[in-house]
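Coordinate-derived values only; no laboratory data. Nothing here was measured: the structure is a model prediction, and the numbers come from that model. Note that we place each Cβ from the backbone using ideal geometry, even for glycine, and neighbour counts take in every protein chain shown.
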Amino acid sequence: MIIDYKNELLHEFSAINSVRNSYLQFRQVLECSDDAEDEHYIAPLNAILSCIAGSHKLDHIRLCCEESSKHSMVYAAYSEVFTEDKQKDEREAIAKYQSASKYDKVGGLKPHQIINSYLNGDKLKAAQDRHGKRWVAGLRKAFEIASSVYTLQVGQRLFRGITATQTDMAAYVTAKGTNTTLTLNGFASTSLSESVATAFATLSYANRLKNLEQEELDPHIPAVLELTNRCSDLPFLMPDALRKPERSQGQMEILLPEDIVLLPTYVDFTVQPVKIYADILPIEPSDDAVTAVQEEENNDD
């Protein structure tokens with residue numbers, strides 16, 4: 001399935017550039033201020049994200065009402081395979097991963113942080129480890145169930161907003177230059193909307209800058225990944241398809257399974273956030289990618 005999406009309510013160009021311009025103003029105000037605790041221009045960034053999410057939410061409702069739309073098809077299919085009585089654990093795991101509510105935190109960590117920390121083998125508190133184990137099992141089963149009705153076809157385009165360490169950014173640049181792959185540890189949240197990904201990357205980075213001391217010790221760079229699927233029948237989850245349409249979060253989220261393999265193809269430093277273009281490859285790298293990795297290792301020797 002190719003899930004085409006074009007926002008009919010908010011011009012994507014205006015939305016993306018509103019975020020970029022607000023972010024630049026935030027940086028300018030921050031550099032001129034002596035008060036590191038002042039939130040400065042974060043409020044406008046929040047307002048822009050709210051506008052973008054609101055427009056997507058209304059579009060999502062519209063698409064769920066159109067029988068021929070992909071959103072409607074996924075919504076109908078999930079209602080059959082994710083029943084509330086039999087798939088309770090799977091539904092809970094999806095909802096928790098998408099949640100940003102402070103009430104869903106366990107030991108100070110959000111569910112998605114616990115889930116990915118569990119997958120990475122990070123040390124967790126007993127309660128966090130217990131929840132992480134259950135939620136990971138629920139998500140893995142959910143991907144299995146969802147892929148029985150729909151998978152993403154080759155050519156699907158998705159966006160992901162991140163704040164990358166300088167080491168991570170260097171890894172993308174190196175991978176692009178050497179034609180080698182990178183693996184995303186844990187499950188990966190993406191969006192059908194570039195404006196959502198741009199707003200998420202920018203706002204996350206702006207919030208980091210409220211603690212300048214921490215940022216100076218561990219510098220990050222906001223970036224947006226534009227991902228093109230090259231993997232046949234890629235499993236995916238659409239979390240909003242398990243909610244009533246009017247209760248969607250307006251993020252047009254598409255959740256991808258763990259250990260997604262990326263092949264960066266271009267890194268654009270002329271825009272802020274930085275734009276990274278990459279292909280999603282099968283878990284087993286292609287022969288060309290393997291050859292590129294081997295050649296790099298030989299060069300290092």
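Taking each pair of different alpha-carbon atoms in region 80-124 once, compute 1/r for the pair, average those values, and report the inverse of that mean as the Kirkwood hydrodynamic radius in Å to one decimal.
Hydrodynamic radius (Kirkwood, Cα only) of region 80-124 equals 11.5 Å.
Which value, in debye to the nearest 20, describes the size of the charge dipole of the chain about its Cα centre when Lys and Arg Cβ atoms bear +1, Asp and Glu Cβ atoms bear -1, and nothing else is charged?
Here the size comes out at about 1240 debye.
Under a plain spin-label model, where a point goes 7 Å from the Cα along Cα-to-Cβ, how far apart in nm are VAL149 and GLN166?
Spacing of the two 7 Å Cα→Cβ label points: 4.8 nm.
Filter the GluC sites (Glu not before Pro) in region 72-176 down to the DSSP loop ones having no more than 16 other Cβ atoms within 10 Å, then list what survives.
Hits after loop and neighbour filter: GLU84.
By what distance, in whole Å, do the Cα atoms of the chain stretch along each of the three principal axes, largest value first?
55, 51, 44
Mind computing the radius of gyration and Dmax over the alpha-carbon atoms of region 46-134? Å is fine for both.
Using the Cα atoms of region 46-134, the pair Rg, Dmax is 16.7, 47 Å.
Pulled fully out, how much extra length does the chain show between CYS32 and SER14, if you take 0.36 nm times their separation in residues and subtract their Cα-Cα distance?
Result for the pair: 3.8 nm of gain on full extension.
Taking N as the number of residues in region 137-176, what is its alpha-carbon radius of gyration divided by 2.2 N^0.38 Å?
1.75
Let me have the 222 nm mean residue ellipticity of the chain computed from DSSP H runs of 4+ only, each contributing -39500 (n - 2.57), with the sum over all residues rounded to the nearest 500.
Helices in the chain give a 222 nm mean residue ellipticity of -16000 deg cm²/dmol.
Kindly provide the pair-distance distribution of region 1-150 built from C-alpha pairs, with 5 Å bins from 0 and whole-percent values in order of increasing distance.
Taking all Cα pairs of region 1-150, the binned fractions are 2, 8, 12, 12, 13, 15, 16, 12, 7, 3, 1, 0 percent.
Within a Cβ distance under 10 Å of GLU8, other residues only, what is the Lys/Arg minus Asp/Glu net charge?
+1
Just the projected area, averaged over all directions, of the convex hull on the alpha carbon atoms of region 63-210: how many nm²?
Result: 11.6 nm².
I need the per residue convex hull volume for region 168-276, using only the alpha carbons, in cubic angstrom as a whole number.
Convex hull volume per residue, Cα atoms: 127 Å³.
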